[in-house]
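**Student:** Take a look at the following structure, please.
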Amino acid sequence: MASPSASLTAPRAGRRLDARWLLYLLTAAVYIFLFSPILVVVIASFNPTGLTSFPPAGFTLAWYADLLRDGDILRALRTSLVVAVLAALLTSALAIAAAYGLSRFTFRFKRVIQAFFYLPILVPGVVAGIALIFWFKRIGLQTGLLTILIAHVVHAFPYTLSIVLTSFYGFDRRLEEASQDLGANPWRTFWRVTLPLVMPGVIGGALLAFTISFDEFVLTFFVAGGGVVTLPLEIYSRIRFLLSPVINAVAAVVLLVSMTLALAVQLLVLMRERRARAA
Amino acid sequence: MASSPATAQMTTARAGRQLPTLLPVLATVGLPTLLLTLFLLLPLVLVAVYSVYSTDPITGIMQPDFTLANYERIVSSPIYRKVFLRTLEIALLCTGIALLIAYPMAYTIGALVPRERQTLLLFLVIIPFWTSYIVRTYGWIGILQSGGFLESVLSLIPGVDAGLDVLYSRPAVIVGFVHVFLPLMILPIYASARNLDHRLIEASYDLGASPWRTFLRVTLPLTMPGVVAGATLFFIATFGAFVTPQLLGGTEDLMMGNVIADQFGEAFNWPFGAALSVVMILIVVLSLALLFRFADLESIYG
């Protein structure tokens, strides 16, 4: 696309150039704003005083060493990892099924069902959390790992679905037809042709579900029921009740995990878009 | 999220020819539908049912009933009316501030930056958004607390005696909200700005309109779908929030989400918590109805 200012007369271009620099400056400021709490936590995690003041008093890894000795945090981390892996597997399996159905079949109420799949995004966490406690009490399901997992899968499903669904729409359907023409049954076609083609989207969707589950707080707060503690719950209770410098180190680790995964999701989505454009 | 119409038609034709039965649909779409029905829809129905139950005044135990007393209490009690209005006020104020910050940025990324660099800039918006809400909010405690990052940086400037006491206050809550939900505002406006037809802006200039007039009469109307979508998403997220006021606000900043959560802890009144939840859902539905009334979503995401 041609530059919009190309056809402008000189004085006008000069004036708009100034406005443009102002906008770039403003944009840079917003990026600083978006990343500032992240940077402050990371800097503080290496500060010997454990404070968030600037400049830091020096450099230490002591808080990370403390973290490795902190049984509660390590336990919470393990719980979070287990829940997030299970949530990622279940959510992506459900998203594959849903995306396959939505992209291949026509049926009554299809639009309603598709809208219904995105409902979890719109229900406020507090309301969804409370609704789930009511429900689990009502059907007699003990709160714990299973209830946390259910909450996370429901919550992550629409986000994962939207990534997986684009994959299912985005490839050349003739490849599937070729497979069937060569005598493969639908099941074999799905495993050998369809699934490999949508894999980048599926992996992206699974990683996103992992990130959502790993970071999820509000729903977990309600459905955990006291017995099981995930990492966000542990961090929250320490922020509220005993502010200790170890939290900076824990927070930095959480940031590293979720930012790496978020980056990976974005790269996979990008890769798929490039491939779709090339096709 | 969009599919090309050609693919969609092809799907329709093939599906109709090959698989006329209900079974494949049930086997694919049925399972997630069942999951969401069991663990989202029915629980929400239960909330609506409990909201008309009563509590035994002595034992505090919930009893099946049909009463509107819980709703009456929300409207008639000065405390809860105040919480409701405060929640509305904070959510609207933050939406306004976020819009003022997000619009120039989203416009810059979508309409001024060359296409090949837009991807990277979007990454930098999306990545913090998928990064732990709790940790990012905690980061603001570190910035805003007395002796924290902001105060110590300000005190480096000679002549500034920064006695900063912002944490646990309304400004802290506002900063926290604008920060955590800003990408919800940026992304739809970006999508609108990217699809902007620059020739219309050129035409406005050629016809002698000032930059300001061009913005108000051409650019803003063209990007309005993104603005409305972003503002709605941002408002819904802020209105229903729980963590930010809990961690960054004082007792004077508690919002509906906090009061709802309280009904399951200290206050222990399930039917009342359920009624508050129903009101919150109604606000969300109302906002969405306005969104669909005023914005053509296809034009943003199409």
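**Student:** Please note which helices (runs of 4 or more DSSP H) are completely contained in segment A:142-204 and include at least 3 residues that are touching a Leu at 6+ places or on another chain (Cβ under 8 Å). Show your work before the answer.
**Tutor:** On the way: elements: A:145-169, A:174-181, A:186-189.
In segment A:142-204, A:145-169 are the helices (runs of 4 or more DSSP H) which contain 3 or more residues that are touching a Leu at 6+ places or on another chain (Cβ under 8 Å).
**Student:** Where in segment A:217-279 are the helices (runs of 4 or more DSSP H), entirely inside, with at least 2 residues that are closer than 30 Å to B:ARG115 by Cα and free of Cβ contacts under 8 Å to residues at least 60 places away in the same chain?
**Tutor:** Details: elements: A:218-223, A:231-241, A:246-278.
Answer list for segment A:217-279: A:246-278.
**Student:** Now for a different question. Quick check: anything in segment A:229-237 more than 16 Å from A:VAL83 (Cα to Cα), more than 10 Å from chain B (Cβ to nearest Cβ) and over 16 Å from the mean Cα position of the chain (by Cα)? So that I can check it myself, show each step before the final result.
**Tutor:** Initially, segment A:229-237 is screened for residues more than 16 Å from A:VAL83 (Cα to Cα), giving A:235-237.
From what is left, the residues that are more than 10 Å from chain B (Cβ to nearest Cβ) are A:237.
With the extra rule that they be over 16 Å from the mean Cα position of the chain (by Cα), the set shrinks to A:237.
Within segment A:229-237, one or more residues are more than 16 Å from A:VAL83 (Cα to Cα), more than 10 Å from chain B (Cβ to nearest Cβ) and over 16 Å from the mean Cα position of the chain (by Cα).
**Student:** Could I ask something else about it? Considering segment A:91-112 alone, what residues qualify as being under 20 Å from A:ALA209 (Cβ atoms) and either at the interface with chain B (Cβ under 7 Å from one of its Cβ atoms) or surrounded by fewer than 24 Cβ atoms within 10 Å (Cβ to Cβ) (or both)?
**Tutor:** Step one: of segment A:91-112, the residues under 20 Å from A:ALA209 (Cβ atoms) are A:91-103.
Selection gives A:ALA93, A:LEU94, A:ALA97, A:ALA98, A:TYR100, A:GLY101, A:LEU102, A:SER103.
**Student:** From the list A:ALA95, A:ALA44, A:ALA28, exactly one residue is over 27 Å from A:LEU219 (Cα atoms), part of a helix (DSSP H, G or I), touching a Leu at 6+ places or on another chain (Cβ under 8 Å) and among the small types (Gly, Ala, Ser). Which is it?
**Tutor:** A:ALA44
**Student:** Please state which of the following conditions B:VAL153 fails to meet, knowing it meets all the rest: (1) at pLDDT 90 or above; (2) within 28 Å of A:LEU51 (Cβ to Cβ); (3) at the interface with chain A (Cβ under 8 Å from one of its Cβ atoms).
**Tutor:** With (1) at pLDDT 90 or above; (2) within 28 Å of A:LEU51 (Cβ to Cβ); (3) at the interface with chain A (Cβ under 8 Å from one of its Cβ atoms) applied to B:VAL153, the lone miss is (1).
**Student:** Yes or no: A:ALA262 within 21 Å of A:THR49 (Cα to Cα) and either at pLDDT below 90 or crowded, with 21+ Cβ neighbours inside 10 Å (or both)? Spell out how you get there, then give the answer.
**Tutor:** On the way: within 21 Å of A:THR49 (Cα to Cα): no; either at pLDDT below 90 or crowded, with 21+ Cβ neighbours inside 10 Å (or both): yes.
For A:ALA262, the condition - within 21 Å of A:THR49 (Cα to Cα) and either at pLDDT below 90 or crowded, with 21+ Cβ neighbours inside 10 Å (or both) - is not met.
**Student:** Look through B:LEU85, B:LEU120, B:LEU124, B:LEU92 and report the one residue that is within 19 Å of B:VAL178 (Cβ to Cβ) and more than 8 Å from chain A (Cβ to nearest Cβ). So that I can check it myself, show each step before the final result.
**Tutor:** Working: B:LEU85 fails: within 19 Å of B:VAL178 (Cβ to Cβ); B:LEU120 fails: within 19 Å of B:VAL178 (Cβ to Cβ); B:LEU124 fails: more than 8 Å from chain A (Cβ to nearest Cβ).
Checking each option against the conditions leaves just B:LEU92.
The values are calculated or read from the model by the stated rules, or taken from the named source; none is laboratory data. Quick caveat, the model's predicted, so the values are computed rather than measured. A quick note on method: Cβ atoms are made from the backbone with ideal geometry, for glycine too, and the neighbour counts reach across all protein chains shown.
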